[in-house]
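What follows is a single structure, written as structure tokens, with notes after it.
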Amino acid sequence: DQKEQVTPRTLSGEQYMVQLDAEGTYQCSLTGLIFEVTRAVKIIYSLLSWSKYADLVEKPWIVGGPLFNVSCNSPSALTSIQFPHSLCLGG
């Protein structure tokens, strides 16, 4: 699976923007997010803090990875987002 690496433009703080010019699969060089699109789109995304949302997570669930806010100027063109994750295999 071929992914084109893209470096986003930083808008403010931890908010990023990528302008994807054609259909394809693209991976953000900073966050690891992978976007699959069917045509040119502009995607704005940011990393959020779990501290604001942690109380919404009920047991047995636990906070386990980054939390992102993603918006797209043409949502129907954004066919998938693959989020980075990790797996702890220790004890």
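The values are calculated or read from the model by the stated rules, or taken from the named source; none is laboratory data. None of these values were measured; they are calculated from a predicted model. Note: ideal-geometry Cβ built from the backbone for every residue, glycine included; neighbour counts use all protein chains shown.
Miscellaneous remarks
- Whichever residue in the range 13-34 is more than 11 Å from the chain's Cα centre (by Cα) and at positive phi and, among such residues, is modelled with the lowest pLDDT: Gly13
- Looking across the range 11-27, the residues that are in a strand (DSSP E or B) and either under 11 Å from Leu78 (Cβ atoms) or aliphatic (A, V, I, L, M) (or both) come down to Leu11, Met17, Val18, Leu20, Tyr26.
- Extreme residue, farthest from Gln27 (Cα to Cα), among residues of the range 45-60 that are of a type outside the set (D, E, K, R) and in a helix (DSSP H, G or I): Leu56
- Only one of the numbered conditions (1) assigned to a loop (DSSP other than H, G, I, E, B); (2) touching a residue at least 24 places away in the same chain (Cβ under 8 Å); (3) loosely packed, with under 12 Cβ neighbours inside 10 Å; (4) not small (Gly, Ala, Ser) is not met by Asn69, and that is (1).
- Single residue of the range 35-58 satisfying the filter (modelled with pLDDT of 95 or more and more than 13 Å from Ala77 (Cβ to Cβ)) that is farthest from the chain's Cα centre (by Cα): Ile44
- Leu30 falls short on exactly one of the conditions (1) surrounded by fewer than 15 Cβ atoms within 10 Å (Cβ to Cβ); (2) within 20 Å of Ser76 (Cβ to Cβ), and that condition is (2).
- Candidates in the range 65-79 are the residues that are more than 18 Å from Pro8 (Cα to Cα) and within 15 Å of the chain's Cα centre (by Cα); of these, the one that is modelled with the highest pLDDT is Thr79.
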